[in-house]
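Below is one structure, written out as structure tokens; the observations come after it.
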Amino acid sequence: MKKVIRSINIFFKLLGESFTFAYDSVKGDKFRAFLSLLGVTIGIFSIVAVFTAIEGLEKNVRNMFSALGTDVVYVDKISWESLTEGEGFKWWEFRQRPNNTYEEFLFLQRNVPLADMVALSASIGADIRYGRNTLRNTSVQGVTYYWNQISYFEIAEGRYFTPTEAGENIPLAVIGQNVADELFPAGISPVNNNIKIGGFTARVIGVIKKKGESMFDPVTYDDAIIIPLPFIRNFLDLRRTSPSIVVHKHPAAEEEEFIAQLRNAMRAVRRLRPIQKDNFALNKMSFLDDALSQLFNVIAIAGWVIGGFSILIGAFGVANIMFVSVKERTHIIGIEKAMGAKSSFVLTQFLFEAALLAIVGGLAGILIVWGLTVFVTNQYDFTLTMSFGNVLRGVLISGVVGVVAGFIPSLQAARMNPVEAMNQH
């Protein structure tokens, strides 16, 4: 036991002396240290910056898609998975499928007990006017009551439709923030004012909270107008379009059982025989989640390639500086070995010097990335955070690069003959 403790004490003493030697060497030649730091800093900056950007991009994209609902199923003609088939995509088969109907929406409401919300939306482009201001071909969506809860938008001013209003042909409208800003002069609230939708007058009862523009967000209501579904029938024949039907799973329901129940209800309402294939598609956000995982895995590989080339340049810089350091201190190495220093001690000294250089350079690169994340998050509508895993990755890579890059120079120093080394100046 005493031998083990003694060995541990010797190891840590050797470790401390090696670290002190490396620190003094780095401190003594600041310019050489700067050159080493610069190469590693650029390399670690590239790796950490790439992966921080990838993590931020993935987080923002996933948050955007999660806002569309993780427990939501979209009843469509086309399966989202089939869109990835490339040349194998048989668009003509999907085109022949029947449109969704209002009657199917009502049937699903009654016959899918594992769903807590079912909503339908039909849209059309129309000119919107208030006074002398006109917006051309604005998106107008006729919706049922639960649409706001399934689509996850908030009301900034006023209110949403009541269940009675959403089910009646009542000329009411909830408008997006951009529509409100462009139609109404500053200082005038849109709420309780009348606008013209096509040839019909509607009273504005609410303004949707602004989401802002996003290159990843396929759904935005900033430039849209929402009205009760029966009201849109005045200028849109639902039988000639395919309304969107969205079904929300009850929190207590099992997903597989819910999907099976929804599929059986759709087959029943469309009177499909057992041998017939589904003429509809049930799309879930989980498909997009899987697709995103594959996409970001590919991006991560590209990030490793980009960062790898950058860190390789830094490794060559550390190796070159360490060769110079060994050559300059050959006389000192000879004296150390003549006084009894073991080759392992000399090897450890130079490895620590290389590792110290690389880690300090890596920390500098990480600090620069942290500053950029703070700047981007504060200045733009894009959240970037540097995770602990990313920081740890940068530090570990720095240390490994330092040890690998400094190994051959350190081994060269450790194998020197003390007599020959002392005779060199």
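Tabulated data
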| item | result |
| --- | --- |
| Theoretical gain in end-to-end length, VAL376 to ARG233 [0.36 nm per residue, Cα-Cα removed] | 46.9 nm |
| Residue order, fewest to most beta carbons within 10 Å, for GLU154, GLU336 | GLU154, GLU336 |
| FRET efficiency estimate (nearest 0.05) - Cβ-Cβ, TRP80 to VAL404, R0 60 angstrom | 0.85 |
| Listed pairs LYS59/LYS211; LYS249/LYS284; LYS77/LYS209 exceeding 20 Å between Cα atoms | LYS77/LYS209 |
| Efficiency of FRET from Cβ geometry, LYS210 and THR385, R₀ 35 Å, rounded to 0.05 | 0.90 |
| Residue order, fewest to most surrounding Cβ atoms within 10 angstrom, among MET339, MET117 | MET339, MET117 |
| Dipole magnitude (debye, nearest 20) for region 98-279, charges at Cβ of Lys, Arg, Asp, Glu | 660 debye |
| Förster radius 22 Å - calculated FRET efficiency between ASP223 and ILE188, Cβ distance, rounded to 0.05 | 0.70 |
| Pairwise label distance in nanometres, GLU256 with SER293, each label 7 Å out on the Cα-Cβ vector | 1.7 nm |
| Difference of contour (0.36 nm per residue) and Cα-Cα distance, HIS331 to LEU367 | 9.2 nm |
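Rule-based calculations on the coordinates, nothing more; no lab input. Since this is a predicted model, take the numbers as computed values, not measurements. Here the Cβ is made from the backbone with ideal geometry for all residues, glycine too, and neighbour counts use every protein chain on show.
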